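Working notes, beginning with the structure itself.
The values are calculated or read from the model by the stated rules, or taken from the named source; none is laboratory data. Values in this document were obtained by computation on a predicted structure and should not be read as measured data. Cβ placement follows ideal geometry from the backbone for every residue including glycine, while neighbour counts extend to all protein chains displayed.
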Amino acid sequence: MVEEVKFPRCQKCDKGMLLPLSDYGRDGASIRYKAWVCSNPECGFNIRIDNGEITFGRTIGQSYK
Ligand SMILES: [Zn+2]
């Protein structure tokens, strides 16, 4: 049985899903859903949440050609 998991649809490309990424703080406490990344590699939309501030569209490990 596979539990159905619903992720929000990407608002930019309307094709991919936004996948939550978790991180771990310096004290080892988990930070859930710190960033969301579109599952469509052609889109690359992402949202980061840092210290209560939301950053849109900053590419993660990508370069434009
Ligand atoms: Zn997208």
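Things worth noting here:
- If you go through region 42-51 and keep only what is more than 10 Å from the ligand (Cβ to nearest atom) and crowded, with 16+ Cβ neighbours inside 10 Å, you end up with Ile47, Arg48.
- First in region 8-32 and farther than 16 Å from Arg48 by Cβ and among the charged types (D, E, K, R), second anywhere and modelled with pLDDT of 85 or more and within 14 Å of the ligand (Cβ to nearest atom), Cβ under 6 Å, 6 or more apart: Lys15/Asn40
- Scanning region 1-41 for residues that are at negative phi and within 8 Å of the ligand (Cβ to nearest atom) returns Cys10, Gln11, Lys12, Cys13, Lys15, Gly16, Leu18, Cys38, Ser39, Asn40.
- In region 7-52, the residues that are part of a loop (DSSP other than H, G, I, E, B) and of a type in the set (Lys, Arg): Lys12, Lys15, Arg26
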